[in-house]
Amino acid sequence: MRPLKRLYLKFRIFYRKHYYKSNSENLKGQHRAPLFICMKLLKIKDTTLLIAPVSGDKYIYNERLGVLVSLFGQDGTIVDKTYSYDIQLSRKDCDTVERVFSQEMERRTKKVEEEIKSNVRHSLGLLYGKLSRDVKPI
């Protein structure tokens, strides 16, 4: 059992290094500003997160700052009030942005779901109270 586990771990390490290395060589000269911009926007509460249903493209929009980030896999565009920038993320950065985007989207969805359930419980309680007062037992 132990040799198989070791072999599996070696394979996983080799695969991860190979997967991330193939794209990182192209982006050595570029700094990671697009990644940091996306991460900062994801942490702001009034940022709108959208996912295109067919293509799966991700959009991060902040109306107050006037910034829209469109992510199409590893490529993307950052549009502010006056300029548009084409960006390319490394595979590792792309995976990081997708993970944080999904977590933030899930957190916000759960929050809205809880609010809706709370409102439904409150409305049902009011309806039950109204029925209890107005309807007399037979």
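Rule-based calculations on the coordinates, nothing more; no lab input. Here the structure is a predicted model, which is why all the values come from computation and not from measurement. Positions of Cβ are generated from backbone atoms using ideal geometry, with glycine treated the same way; all protein chains shown enter the neighbour counts.
Provide the gained length on full extension for the span Lys5 to Phe36, in nm with one decimal, where the gain is 0.36 nm per separating residue minus the Cα-Cα distance. Intermediate results must be reported in sequence, preceding the final value.
Working: separation 31, 0.36 × 31 = 11.16 nm, distance 3.64 nm.
Length gained between Lys5 and Phe36: 7.5 nm.
Could you work out how much longer the chain between Asp86 and Lys45 gets when fully extended? Use 0.36 nm per residue separation minus the Cα distance between them, nm to one decimal.
Details: separation 41, 0.36 × 41 = 14.76 nm, distance 2.50 nm.
Working it through step by step, the gained length comes to 12.3 nm.
Quick check on packing: order 129-135, 101-107 by the mean number of other C-beta atoms within 10 Å, highest mean leading.
Details: 129-135: 8.7, 101-107: 13.6.
Top of the packing list down: 101-107, 129-135.
Using 1/(1 + (r/R0)^6) with R0 = 22 angstrom and r between the beta carbons of Asp75 and Arg107, what's the FRET efficiency to the nearest 0.05?
Numbers: r = 26 Å, r/R0 = 1.19.
Taking R0 as 22 Å, the efficiency between Asp75 and Arg107 is 0.25.
Mind checking the dipole of region 30-134: about its Cα centre, +1 per Lys or Arg Cβ, -1 per Asp or Glu Cβ, Debye to the nearest 20? Intermediate values should be presented prior to the final figure.
On the way: 18 positive and 15 negative charges, 98 e Å.
My answer is approximately 480 debye.
Run the numbers for Lys117 and Ile13: contour at 0.36 nm per residue of separation, minus the present Cα-Cα distance, in nm. Present the calculation step by step, with values, prior to reporting the outcome.
Values: separation 104, 0.36 × 104 = 37.44 nm, distance 4.43 nm.
Using 0.36 nm per residue and subtracting the Cα-Cα distance, I get 33.0 nm.
Tell me whether region 30-134 comes out rounded, prolate or oblate; compute the Cα gyration tensor, take square roots of the eigenvalues as a ≥ b ≥ c, and use a/c under 1.5 as the rounded threshold.
On the way: a/c = 3.56, a/b = 2.79, b/c = 1.27.
Since a/c reaches 1.5 and a/b is larger than b/c, the shape of region 30-134 is classed as prolate.
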